[in-house]
Amino acid sequence: ERERERERVRVSQRSFNCNIPPGVNPEAYQWFHTVDTDRSGFINLKELKQALVNSNWSAFNDETCLMMINMFDKSRSGRMDLFSFSALWEFMQRWRALFQQYDRDRSGCISGTELQQALAQMGYNLSPQFSQTLVQRYTLQGGRPGIQLDRFIQVCTQLQTMTQVFREKDTSMTGNIRLNYEDFLSGAVTRLM
């Protein structure tokens, strides 16, 4: 009887795996179909919030979820298909691993010191004061000091985007650029919005 049950599970698993398109993460496939509650074949902002949680099981904030949809929504429809969600899933796993590496006290939050160390590993030569300012800005009102995974991803992604804009203008690699205000806004808006 046990062997028959094991075989049924193996057949069911093979059937499940056969339905997964090539290049799609199996875990992402399962989560996509769990949170696609309207069965549209797409995940919108509300459904994405159901899929992504911080270490304390709180939902990701709207701002971070919207940023992720904008990053992975190739059709600019405000929603993601299975392939986009799978790419987001891989993106999330890398950020989660980095977050956990620097959340040394396992509090579910990154302190200013921990953020400074993470940013230094990513190649950012920023002051401890700047890291502390980021933590103060992104700490939840009334919550414990530090930033959760969702805000960590948001901060790091925005830093990467702004750095890319800066590097495009810093052609001589001096660490200094000169640009007018509208050029700055244009670079930021096209990447952050």
task = All but one of (1) touching a residue at least 60 places away in the same chain (Cβ under 8 Å); (2) in contact with a Lys or Arg (Cβ under 9 Å, 6 or more places away or on another chain) hold for TRP95, so report the exception by its number.
result = (2)
request  = Provide a single number: the residues in the range 57-73 that are free of Cβ contacts under 8 Å to residues at least 24 places away in the same chain and open to solvent by 40 Å² or more (accessible area, probe 1.4 Å).
outcome  = 4
request  = Go through GLN93, GLN132, GLN164 for me and flag whichever is open to solvent by 20 Å² or more (accessible area, probe 1.4 Å), assigned to a helix (DSSP H, G or I), in contact with a Gly (Cβ under 6 Å, 6 or more places away or on another chain) and over 16 Å from GLU63 (Cβ atoms).
outcome  = GLN132
request  = Could you please tell me which pairs satisfy a Cβ distance under 6 Å, a separation of 6+ or placement on different chains, a first residue in the range 154-176 that is of a type in the set (S, T, N, Q), and a second residue that is surrounded by 11 or more Cβ atoms within 10 Å (Cβ to Cβ) and at pLDDT below 80?
outcome  = THR161/ARG191; THR161/LEU192
message = Given the options ARG137, ARG76, name the one that is under 30 Å from ILE20 (Cβ atoms), without any contact (Cβ under 8 Å) to a residue 12 or more places away in the chain and more than 14 Å from the chain's Cα centre (by Cα).
response = ARG76
task = Look at GLY108 and say whether it is surrounded by 12 or more Cβ atoms within 10 Å (Cβ to Cβ), part of a loop (DSSP other than H, G, I, E, B) and either within 17 Å of the chain's Cα centre (by Cα) or touching a residue at least 40 places away in the same chain (Cβ under 8 Å) (or both).
result = yes
Unique match (being surrounded by 19 or more Cβ atoms within 10 Å (Cβ to Cβ), of a type in the set (S, T, N, Q) and more than 29 Å from ARG106 (Cα to Cα)) among SER77, SER40, SER84 = SER84
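Which residues, taken from the range 136-158, are out of contact with any Ser or Thr (no Cβ under 8 Å at 6 or more places or on another chain) and open to solvent by less than 20 Å² (accessible area, probe 1.4 Å)?
PHE152, VAL155, CYS156, THR157
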request  = State yes or no: is GLN100 open to solvent by 80 Å² or more (accessible area, probe 1.4 Å), closer than 20 Å to ASN54 by Cα and either touching a Leu at 6+ places or on another chain (Cβ under 9 Å) or in a helix (DSSP H, G or I) (or both)?
outcome  = yes
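The values are calculated or read from the model by the stated rules, or taken from the named source; none is laboratory data. Worth saying up front: this structure is predicted, and the values here are computed from it rather than measured. Because the Cβ atoms are built from the backbone with ideal geometry, glycine has one as well, and the counts that use them run over all protein chains shown. To get the accessible areas, we keep the full protein, side chains included, count just its heavy atoms, and leave off ligands, DNA and RNA. Shrake-Rupley method; radii C 1.70, N 1.55, O 1.52, S 1.80 Å.
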